[in-house]
Amino acid sequence: MGYKLFNTVYLKFTIGRKAVLFLLFCGLNIYSQYNKSGYTDLAKQRLLIHLTSDYLHTISQGQIDKDSAVRASCRLYNLSILIPNNESYNNGTKTPAIKLLEEDKVNQAKKLLPNLKGENRFLLLLELSNYYIFKSGAEKSDLNEAEKYLNEVLLQKNTTKWKIGAMMLKANLLNQKGNAAESQKLYTEIEKLCKQSGNNLDLARALLESGKVLQYNDPKRLVYFQKALSIFQTLKQKEKEIETLSQINIEYFIARRFDDSQKLTNKILPLQKEIKYYHNQYAFDVLSFLSYRKGDLVKALYYSNKSIESMRSKEDSIFKALFFVRRGGLYKYSNKNQEALLWYTKALENNTRETILYWYKAFLSKIWILNKLNRSNEALALLKKTENEFPPNTDFEKMHFALLLGETYESLKKTDLAEKNYSVFQNIAKNYPLEHLHDEFPSAFFQISSFYRKIGKTDKARKLLNNGISHTFEIGVSEKSQYYYNLFKIDSTEKKYDDAVKNLLLSQKFKDSAFNEDQQKKFAELLIKYETDEKDKNIKLLHTQNQLQLAQSRETEREKNILLVGALLLLVIVFLLLNRYIIKQKNNQKLEANQRELDQKNTFLETLNNEQQKLLKEKEWLIKEVHHRVKNNLQMVTSLLNSQSAYLRDSDAKMAVKDSLRRMQAVSMIHQKLYHDDNISTIAMPQYIDELVHYLHESFDNENQITFKKNIDPINLHVSQAIPLGLIITESVVNAIKYAFLEKQNGIIEISLSYKEIDSIVLKISDNGIGLPNLADKTDTNSLGLNLIKGLAKQLKGSFSIENNNGVHIIIKFMYLNNSQ
């Protein structure tokens, strides 16, 4: 949806522009998923969008509205379509829903809304409103959608953070719906709120937006812009200062205050340089146009070159046809028609329907030049061809196509067809918005006026001539020369010789100011200056070519002198080459044989490797199966011993059986772990000891209040060491539980397993029980346990020691068996 820039008459052109907008978006929507602006700073990204869209909107002369130009600029540089209008409430926050909106996936974004709460919900509501308000076109359904989301935010009590942003969106919405007075009233309310809260930044933003939505030439526009500018300057908001100055500049331009526009543009350029904003091509193009209007072709050419030089990326070059048309126009007005034709042709390269907005003026200018060069048949053929491939779509295209077709038929002496097409132009131009009438309109009426004068209709010619100057507040120097020259011709035809002489002198005066000898000389010098580099390159290239030709000549002479020697050497070389070829063929055959042999070996090795992998997997499966069966066998023996113990009457025998059961369970647990774990050869000792101690503690049905303390390092032991170590722990813990503590005595059993050195491990089992008063007097059962521990320590190839100091302390030291050994 565009700002209310146009009067009621202009609404007739809305439907005609929609096709242009669609094609424009198609043409600019060819971009990758990354920022192409060259700026990471959000403020500069917003500035780039605003200045690019302002240029596109202005130079299109009403073919594209402001909001469509903004969307097109966002797509061009792959920037978010939301950021140009959300700075009062969002400074770069990205959510999944917002990303969907940026990709025009609005329906998917709306599906996320019911699940959002708090700030994320308010933010999405505002961005949905933003999306629909500034969407291209003027659909009532879009405005209703925006209003629905805005009202939800504004009706909430705790939305202070979002209120100003929501109100500014609402003001834009009201303006879009045609309620300009209500819109301005709401902006006034926003200003009061900002002043009360001391929010000067949003106050300046509101003033800027309040001016933007007003129609061109409304006196309040400049008032609002000047107030906003003052605040932005105080706050040192450079990007917003440049944006506001650019809006003032547009107002100057529309009001034909060209001197003020030129001064302001020259003020904007240093500010852009100060903040390292590099997209200056639009400002330079404006200066080129303004310099041409004043008849200063030298400066016009200078700024034209600067605008072309400022295109820094592939995206910037999208508009290059517009800059090339400006350059061609300078050649045209300096009567260098052949050079102008080259630039117009260059601007027409790769012309498509999607980019018609940029190259159509180049097409029109080329037709004018062809007629000027008396190549009207060629011009007519190009007009017909273009009409067939790219039929005029917008009113701008239709009226200018008719104008050039009329000029072409006039050159071909087909008066009826010329008058018919001139009438088409006049009928459309009659209602075209004044704010988009540029200098080509006076020139068009002067041309048609000249046509009617030539066919003897001087009254109509004079009327059309006056129409040409009534469309603008001021016409350029070149157009003034044309105007007075046409008056001179009409006065001469009507035999008003005094007026004719006066008008001829005025025509010559303005022509001399723009095309005098000094001006032409400086213009030529500047052309030479900017073309010197290219010519130098061409000279260097020619010099290089001459050097090459001279070298070739000398080489030819030398070849003549050595021709005979070469003929003799040729036979030798042929013989050597033939011999070399034969040797190479033999070597190739050997290499092929070797390659076949290598392929066979590789195939054999691959087969062997596959077999080994298969055998390895089978081996792992078999080992797991062995562990499984050992575990099952131990469980079977355990079950048998349990059954047998039920029939034993002797308590010592029962105790011996239970000790054996515990030992077998210690071993069984190791095999159980090996079967279930991926590693089939090592045991993680912290987990194993924890489970083993828990089992041993639970296996005693006594009332001892024993606490276990474990300090186990993360050690993985090979099964050959894990089994003896598990049995040692079993024996030591069982002995401590049975003998270390008096009845119902509280006790502590500590177990530690740690690295002493890199390849040495220490197991220590201690209790704080009654100890062993006389190691030699221990019972046979206990002696069997100690002997078993000693034997298991030897199996580990380690040392065994026992201390009797406030309890029993058993220490086992053994070497760590590396798994790779």
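The values are calculated or read from the model by the stated rules, or taken from the named source; none is laboratory data. Since this is a predicted model, take the numbers as computed values, not measurements. In this analysis, Cβ positions are derived from the backbone assuming ideal geometry, glycine residues included, and neighbour counts consider all displayed protein chains. Protein only, heavy atoms only, side chains kept; ligands, DNA and RNA dropped before computing areas. Shrake-Rupley method; radii C 1.70, N 1.55, O 1.52, S 1.80 Å.
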| task | Tell me, please, whether a residue that is of a type in the set (D, E, K, R) and either touching a strand residue (DSSP E or B) at 6+ places or on another chain (Cβ under 7 Å) or at pLDDT below 90 (or both) can be found in the stretch 216-235. | result | yes
| What number goes with the only condition from (1) modelled with pLDDT under 75; (2) assigned to a loop (DSSP other than H, G, I, E, B); (3) surrounded by fewer than 17 Cβ atoms within 10 Å (Cβ to Cβ) that I475 does not pass? | (3)
| said: Can you list residue pairs whose Cβ atoms sit under 7 Å apart, with the first residue in the stretch 333-351 being under 18 Å from A300 (Cα atoms) and the second being aliphatic (A, V, I, L, M) and assigned to a loop (DSSP other than H, G, I, E, B)? Count only pairs 6 or more apart in sequence or on different chains. | reply: N337/L373
| Taking into account only those residues within the stretch 305-335 that are among the basic types (K, R) and surrounded by fewer than 17 Cβ atoms within 10 Å (Cβ to Cβ), which is nearest to A362 (Cα to Cα)? | K314
| said: Quick check on this structure: which one of L222, L235, L245 is open to solvent by 20 Å² or more (accessible area, probe 1.4 Å), on the phi < 0 side of the Ramachandran plot, touching a Leu at 6+ places or on another chain (Cβ under 8 Å) and of a type outside the set (S, T, N, Q)? | reply: L235
| query | Within the stretch 197-214, is there a residue that is touching an Asp or Glu at 6+ places or on another chain (Cβ under 9 Å) and β-branched (V, I, T)? | reply | no
| task | Return a yes/no flag: does the stretch 638-650 have any residue that is at pLDDT 70 or above, among the polar types (S, T, N, Q) and either part of a helix (DSSP H, G or I) or within 60 Å of the chain's Cα centre (by Cα) (or both). | result | no
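State which residue is farthest from Y816 (Cα to Cα) when the search covers only the stretch 740-752 and only residues that are open to solvent by 40 Å² or more (accessible area, probe 1.4 Å) and in a strand (DSSP E or B).
N746
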| message | On the basis of being at pLDDT 85 or above, surrounded by fewer than 19 Cβ atoms within 10 Å (Cβ to Cβ) and of a type in the set (A, V, I, L, M), does I765 make the cut? | response | no
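Pick from S80, S60, S53: which is open to solvent by less than 20 Å² (accessible area, probe 1.4 Å), more than 14 Å from the chain's Cα centre (by Cα) and either farther than 27 Å from L290 by Cβ or at pLDDT 85 or above (or both)?
S53
Let's see how each residue does on (1) over 17 Å from K813 (Cβ atoms); (2) touching a residue at least 60 places away in the same chain (Cβ under 8 Å):
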position: D713; (1), (2): no, no
position: I729; (1), (2): no, yes
position: V734; (1), (2): yes, yes
position: K738; (1), (2): yes, no
position: K744; (1), (2): yes, no
position: I749; (1), (2): yes, no
position: L753; (1), (2): no, yes
position: K756; (1), (2): no, no
| request: From (1) at pLDDT 85 or above; (2) open to solvent by less than 10 Å² (accessible area, probe 1.4 Å); (3) aliphatic (A, V, I, L, M), pick out the condition that doesn't hold for A461. | output: (1)
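Got a sec? Which of Y358, Y303 is closer than 29 Å to K36 by Cα, modelled with pLDDT of 80 or more and under 33 Å from the mean Cα position of the chain (by Cα)?
Numbers: Y358 fails: modelled with pLDDT of 80 or more.
Going through Y358, Y303 in turn, just one is closer than 29 Å to K36 by Cα, modelled with pLDDT of 80 or more and under 33 Å from the mean Cα position of the chain (by Cα): Y303.
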| query | Can you name every residue in the stretch 144-187 that is among the hydroxyl-bearing types (S, T, Y) and in a helix (DSSP H, G or I)? | reply | Y149, T160, S183, Y187
| Of all residues in the stretch 202-233 being of a type in the set (V, I, T) and part of a helix (DSSP H, G or I), which is nearest to the chain's Cα centre (by Cα)? | I231
| said: Looking at F258 and the list (1) among the aromatic types (F, W, Y); (2) surrounded by fewer than 22 Cβ atoms within 10 Å (Cβ to Cβ); (3) within 18 Å of Y39 (Cα to Cα), which single condition is not satisfied? | reply: (3)
| said: Restricting to the stretch 302-339, count the residues that are within 28 Å of A69 (Cβ to Cβ) and either in contact with a Lys or Arg (Cβ under 6 Å, 6 or more places away or on another chain) or among the hydrophobic types (A, V, I, L, M, F, W, C) (or both). | reply: 12
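Output the helices (runs of 4 or more DSSP H) that fall wholly within the stretch 327-410 and possess 3 or more residues being under 15 Å from A444 (Cβ atoms), or say none. I'd like the intermediate steps shown before the answer.
Values: elements: 337-347, 356-372, 376-389.
Answer list for the stretch 327-410: 356-372.
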| message | So in the stretch 269-281, with the set limited to residues that are part of a helix (DSSP H, G or I) and under 17 Å from K299 (Cβ atoms), which one is farthest from the chain's Cα centre (by Cα)? | response | L269
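Restricting attention to the stretch 188-201, does a residue exist that is within 32 Å of the chain's Cα centre (by Cα), part of a helix (DSSP H, G or I) and surrounded by fewer than 21 Cβ atoms within 10 Å (Cβ to Cβ)?
Yes, because at least one residue in the stretch 188-201 is within 32 Å of the chain's Cα centre (by Cα), part of a helix (DSSP H, G or I) and surrounded by fewer than 21 Cβ atoms within 10 Å (Cβ to Cβ).
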| Could you list, in sequence order, the residues of the stretch 276-304 that are open to solvent by 20 Å² or more (accessible area, probe 1.4 Å) and farther than 20 Å from N335 by Cβ? | K276, Y278, N280, F284, V286, Y303
| field | In the stretch 89-148, the residues that are free of Cβ contacts under 8 Å to residues at least 12 places away in the same chain and within 23 Å of the chain's Cα centre (by Cα) | value | K94, K99, E103, K105, N107, Q108
| remark: Exception for A228 within (1) in contact with a helix residue (DSSP H, G or I) (Cβ under 6 Å, 6 or more places away or on another chain); (2) open to solvent by 50 Å² or more (accessible area, probe 1.4 Å); (3) closer than 17 Å to H50 by Cβ falls at (2)
| request: Among what's in the stretch 369-384 and is closer than 22 Å to G328 by Cα and among the charged types (D, E, K, R), pick the residue that is nearest to the chain's Cα centre (by Cα). | output: E378
